[in-house]
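The values are calculated or read from the model by the stated rules, or taken from the named source; none is laboratory data. Computed from a predicted structure; not experimentally measured. All Cβ positions, glycine included, derive from the backbone under ideal geometry; neighbour counts span all protein chains shown. Keep in mind that these areas ignore ligands, DNA and RNA; they rest on the heavy atoms of the full protein, side chains included. Shrake-Rupley method; radii C 1.70, N 1.55, O 1.52, S 1.80 Å.
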Amino acid sequence: MSGRWIEQWDPEDETFWREKGERIAKRNLLFSVLSEHIGFSIWTLWSVMVLFMGPEYGIDPAGKFSLIAVATLVGALIRVPYTFAVARFGGRNWTIFSALLLLLPTGAAYAVMEPGTSYTTFLLVAALTGVGGGNFASSMTNINAFFPLHKKGWALGLNAGGGNIGVPVVQLVGLLVIGTAGAAQPRVVLGIYIPLIVIAAVCAALYMDNLAPVKNDTGAVKEAVKDAHTWIMAFLYIGTFGSFIGYSFAFGLVLQTQFGRTPLQAASLTFIGPLLGSLIRPLGGSLADKHGGARITLWTFVAMAAATGVVVYASVIESLAVFLVGFISLFILSGLGNGSTFKMIPAIFQAKAHASGLAGEEADAYGRRLSGAAIGLIGAIGAIGGLAINLAFRQSFQTAGTGTAAFVAFLVFYAACLTVTWAVYLRRPVEIPAKRQLSYSEV
């Protein structure tokens, strides 16, 4: 290793993994989680900022949903270039840069967060926070390269879950500030995060590594784009991660708009769902490692459809208690599904490699190439699902004054997701050109 670059890396070699690789991989995982955690907090910053925006800001609920929607959109789109940045610049190097870049949206929000600022300015500053969403894609691509296949479900689940916890943490910080300094002090939240961003960048510089063998493979990208499984998994990831991030942005606003909660009351509830959904994500990956990602994903969508039915019922009868039970269940289930769907991605391409006649290291290399290329695209499309959720809420509240219509639409979508999961990965073995049979039931 020279200049924090590791020239040789083979996690599938059991001797290498036991003697050296596991220790290095876990160290990089730890500090990747830290940086991604801060990134998620900044990405979802406006789910907290809107709670501080009282009548004096002159922005209606539809306008606030637009603020969080633009942050979601930019965070989704920027995931694509962030995916390829790891191979171009090195995982450690890009983590340092992407962490420091978070100072831009945080500092901008600190400068403008006061009544009298134009709505256009708020939109632009909210859009800047999208860079925090990109951290997930680069972090997942980086960690995917460090771990062997049989550990990827656990490692990717832990990496993503630790990052996702940045959502409830920033909401807890917002609750603390509203409860102590008051709803007129949003800059206190921003002042807390500026030094944390610097700490994350310094830790990445001191303790992370670049993997020289990780290179951008345009051929793999083209192959992944052409593969139907990439798009199927992107569709399913809209249902899991799109739900998690969309609901995370919208939860507080829904409580304020539909149930008349004050900023403090909303903030005291908002963090619960994202926290539980984040904590359970590694469990989703571990269950997928043991029982097959497709099975866990299928039953997750069944449960999400049922929980959405509870939310629709609560919305109709205007019961906050029933609504919270259903909505928080959706967070938990989306977190579980996030872990299981991400486990499916490398397993699917590994299965395709074996089905086409490859074996051993050749099959492992094929699986790593295709899954690494697919992860960024799938992550970006999944995050766009969060945009769709916020736009659905905006339209529903603007036309009917409640979120009921949006929840009905989500219920239909979850039904489609569970149908696709069953039809593609569980219904029967898949016929492939080599005339061999490949069952994805263990994917």
So is G162 open to solvent by 10 Å² or more (accessible area, probe 1.4 Å), assigned to a helix (DSSP H, G or I) and at pLDDT below 95 or not? yes
Those residues of segment 122-142 which are surrounded by fewer than 24 Cβ atoms within 10 Å (Cβ to Cβ) and assigned to a helix (DSSP H, G or I) amount to L123, L124, A127, L128, V131
Give me a count of the residues in segment 58-72 that are part of a helix (DSSP H, G or I) and either hydrophobic (A, V, I, L, M, F, W, C) or free of Cβ contacts under 8 Å to residues at least 60 places away in the same chain (or both). 8
Result of the Cβ filter at 7 Å on segment 227-242, keeping first residues that are touching a residue at least 40 places away in the same chain (Cβ under 8 Å) and partners that are among the aromatic types (F, W, Y) and open to solvent by 10 Å² or more (accessible area, probe 1.4 Å), at least 6 apart or interchain, is G239/F413
In segment 175-188, residues that are assigned to a helix (DSSP H, G or I) and touching a Phe, Trp or Tyr at 6+ places or on another chain (Cβ under 8 Å) total 4
Filter segment 290-302 down to residues that are of a type in the set (A, V, I, L, M, F, W, C) and open to solvent by 50 Å² or more (accessible area, probe 1.4 Å) and give me whichever is nearest to I348 (Cα to Cα). W299
Cβ-Cβ distance below 9 Å, separation of 6 or more or different chains: which pairs start in segment 186-201 with a residue that is in contact (Cβ under 8 Å) with a residue 40 or more places away in the chain and end on one that is among the acidic types (D, E) and outside any helix (DSSP H, G or I)? P186/E114; R187/E114
Taking the residues in segment 345-357 that are open to solvent by 40 Å² or more (accessible area, probe 1.4 Å) and more than 23 Å from Y237 (Cα to Cα) as candidates, determine which candidate is nearest to the chain's Cα centre (by Cα). H354
Pairs, first under 15 Å from F271 (Cα atoms) in segment 153-168, second among the small types (G, A, S), C-beta under 6 Å, six or more apart: G161/S278; N164/S278; I165/S278; G166/S41; V167/S248
Flagged in segment 182-204 as under 24 Å from the mean Cα position of the chain (by Cα) and within 14 Å of P263 (Cβ to Cβ), in numbering order, are V189
Within segment 197-212, how many residues turn out to be buried (at least 17 other Cβ atoms within 10 Å of the Cβ) and in a helix (DSSP H, G or I)? 5
Determine which member of the set S47, S98, S32 is closer than 24 Å to F259 by Cα, among the small types (G, A, S) and crowded, with 16+ Cβ neighbours inside 10 Å. S47
Residues in segment 375-415 that are of a type outside the set (D, E, K, R) and over 15 Å from the mean Cα position of the chain (by Cα): how many? 25
Of the candidates F331, F342, F327, F323, the one satisfying the condition of being aromatic (F, W, Y), within 26 Å of V169 (Cα to Cα) and surrounded by fewer than 24 Cβ atoms within 10 Å (Cβ to Cβ) is F323
Assess whether L287 counts as being open to solvent by 20 Å² or more (accessible area, probe 1.4 Å) and closer than 19 Å to G162 by Cα. yes
Return the residue satisfying two criteria in turn: it lies in segment 397-428 and is in contact with a Phe, Trp or Tyr (Cβ under 8 Å, 6 or more places away or on another chain) and either over 18 Å from T300 (Cα atoms) or among the basic types (K, R) (or both), and of such residues it is modelled with the highest pLDDT. A406
Of the numbered conditions (1) within 30 Å of T308 (Cα to Cα); (2) modelled with pLDDT under 95, L236 fails exactly one; give the number of that condition. (2)
